[in-house]
1. How large is ³J(HN,Hα) for each residue in region 49-59, as worked out from phi by the Karplus curve 6.51 cos²θ - 1.76 cosθ + 1.60 (θ = phi - 60°), to whole Hz, x for Gly and Pro?
2. So how far apart, in nm, are the two label points at T86 and E52 if each is 7 Å from Cα heading toward Cβ?
3. Arrange the following residues from fewest to most other Cβ atoms within 10 Å of their Cβ: K21, K63.
4. Which of Y25, Y46, Y64 comes first, and how do the rest follow, when ranked by fewest Cβ neighbours within 10 Å?
5. With respect to the cross-link table entries K4/K29; K21/K72; K26/K72, which display a Cα-Cα separation exceeding 23 Å?
6. Check the straight Cα-Cα distances from K59 and name the aspartates and glutamates below 17 Å, setting aside those fewer than 8 residues away within the same chain.
7. Apply the Karplus curve 6.51 cos²θ - 1.76 cosθ + 1.60, θ = phi - 60°, to the phi angles in region 72-87 and return the couplings in whole Hz, x for Gly and Pro.
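Every number in this text was worked out from the coordinates using simple rules, so none of it is lab data. Remember, predicted model here, so these are calculated numbers, not experimental data. Note that each Cβ is placed from the backbone with ideal geometry, even for glycine, and that neighbours are counted across all protein chains shown.
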Amino acid sequence: MFSKDEILREIRRTAEDNDGKPLGYKRFKSETGIGITDIWKFWRDYGDATVEAGFERNKPHTKYPEGVLEEKMALFIRNKLHKYPTQGDIRLEGNIIQIFRLVLI
């Protein structure tokens, strides 16, 4: 069991080792052993703990403008596949997220 001060100290220490940026929660847990249940004893979430430790909260992912993903997927289909992707096409590309990453570059 970790105290509030110990958790804040670990957030600051690991951030210092990471060029002044707090680690993401998964990496923080793997490096410190401090789990989400330890965090929940004092804060709503890991972001709140990093704010109390003196850092800015990560900004949420921004939403793509309406129609952008559809347009990019259409271009991918037209320019690379020349047909609507089957499950096999998606599997060969890795997964649908990779397809969108390829298209958005």
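1. So the J values, rounded to whole Hz, are 5, 5, 5, 5, 6, x, 10, 7, 5, 4, 7.
2. 5.5 nm
3. Arranged by neighbour count, lowest to highest, K21, K63 become K63, K21.
4. Y64, Y25, Y46
5. Going by Cα-Cα distance, K21/K72; K26/K72 fall outside the 23 Å limit.
6. Counting by Cα, and skipping residues close in sequence, K59 has these aspartates and glutamates nearby: D45, D48.
7. 5, 5, 4, 5, 4, 5, 5, 8, 10, 8, 6, 6, 5, x, 8, 4
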